[in-house]
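K.L.:
Quick one: the structure is below, and I'll ask about it shortly.
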Amino acid sequence: MPIQNPKSKIQNPKVLVSGIGYTNLSDLSFGRVLLDDLERMSWSEHVHVEDLNFGPIMIYQWFEESPVKFERMVLLSAAKRGREPGTLEVYRWDNPQPDAAEIQLRIEEAVTGVMSLDNLLIICRHFGVLPEEVTIVEIEPQKDDWGMEFSPVVAAKVGEALETVRAIAEQESRNAE
C-alpha cells in the first residue's frame, strides 16, 4: 500500500519530512522531540512526515521496500559541528561520500545502534535509496547529557525550526510538481 499523508488524497507524496535524533538526550533529541509537532502539523498533499528513528540500516531497508520514491527530503536534527550553541543552520546535503573503509565503519556503528544523522545519510546514499535532494535543518546543541529538557538557547529555537521545516518542505513540494 502506498504511503499517504493522512490528511491527503494523493497516493504519491513528493517530499519526505522527518526529525532525527536520540530520545532523552537533551539538545541532541531536538529532531526526535519535534517530530511529534511535525506529525501534528497540517501539510500539503505532496508532503509526508515519517518517523525515521529506527536506525540507518532499517531506514535503508524501509526506503528500498517503499513503493513511493520521494524526490526530496527535509530532515530536522541536532549535531555538534563547532558552531555557537543554538545556531540553526539550513543546508543542502552535498553527498560527501567517504571511502569504503569509512562507509563500513558507519555501517558497523549503525548495526550496534548508533543513531546519527551523518550515518543515516551516508549509508542510505551508499545504497542508492536517498532522494536526490536532501535539505538539513540542524541546530547546534549546548547540552548532550541525559535528560528530556532542551537547554534555553535550543528551546528558544523550537518555533523557528518548525516553521523553517514547513517552509522548506512546502517549497520543495511546489518545486517537485
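K.L.:
Pull up region 109-141, narrow it to residues that are under 11 Å from the mean Cα position of the chain (by Cα) and not aliphatic (A, V, I, L, M), then point me to the one that is surrounded by the fewest Cβ atoms within 10 Å (Cβ to Cβ).
P.N.:
Checked region 109-141; the qualifying residue surrounded by the fewest Cβ atoms within 10 Å (Cβ to Cβ) is 118.
K.L.:
Of the numbered conditions (1) out of contact with any Pro (no Cβ under 8 Å at 6 or more places or on another chain); (2) surrounded by 14 or more Cβ atoms within 10 Å (Cβ to Cβ); (3) at pLDDT 95 or above, residue 152 satisfies every one except a single condition; which is it?
P.N.:
Answer for residue 152: the failing condition is (2).
K.L.:
Also, I was wondering about something else. Take the residues in region 31-46 that are in contact (Cβ under 8 Å) with a residue 40 or more places away in the chain and either of a type in the set (D, E, K, R) or farther than 16 Å from residue 168 by Cβ (or both); name whichever of them is surrounded by the most Cβ atoms within 10 Å (Cβ to Cβ).
P.N.:
Once the filter is applied, the top-ranked residue is 33.
K.L.:
In addition: Restricting the first residue to region 148-160 and requiring it to be free of Cβ contacts under 8 Å to residues at least 24 places away in the same chain, which pairs with a second residue that is surrounded by fewer than 16 Cβ atoms within 10 Å (Cβ to Cβ) and not hydroxyl-bearing (Ser, Thr, Tyr) meet a Cβ separation below 8 Å and a spacing of at least six or different chains?
P.N.:
That search, which allows pairs on different chains as well, returns 155/149.
K.L.:
Restricted to region 56-90, and to residues that are under 12 Å from the mean Cα position of the chain (by Cα) and not β-branched (Val, Ile, Thr), which residue is farthest from residue 23 (Cα to Cα)?
P.N.:
In this case the residue turns out to be 72.
K.L.:
Next up: Inspect all residues belonging to region 121-133 and state whether any of them is closer than 25 Å to residue 176 by Cα, of a type in the set (Phe, Trp, Tyr), in a helix (DSSP H, G or I) and touching a residue at least 60 places away in the same chain (Cβ under 8 Å).
P.N.:
Taking every residue of region 121-133 in turn, none turns out to be closer than 25 Å to residue 176 by Cα, of a type in the set (Phe, Trp, Tyr), in a helix (DSSP H, G or I) and touching a residue at least 60 places away in the same chain (Cβ under 8 Å).
K.L.:
While we're looking at this one, here's another question. Could you list, in sequence order, the residues of region 1-19 that are modelled with pLDDT under 95 and either in contact with a helix residue (DSSP H, G or I) (Cβ under 6 Å, 6 or more places away or on another chain) or not β-branched (Val, Ile, Thr) (or both)?
P.N.:
Hits for region 1-19 are 1, 2, 4, 5, 6, 7, 8, 9, 11, 12, 13, 14.
The values are calculated or read from the model by the stated rules, or taken from the named source; none is laboratory data. Given the structure is predicted, the values throughout are model-derived calculations rather than measurements. Don't worry about glycine lacking a Cβ; one is built from the backbone with ideal geometry, like all the others, and counts go over all protein chains shown.
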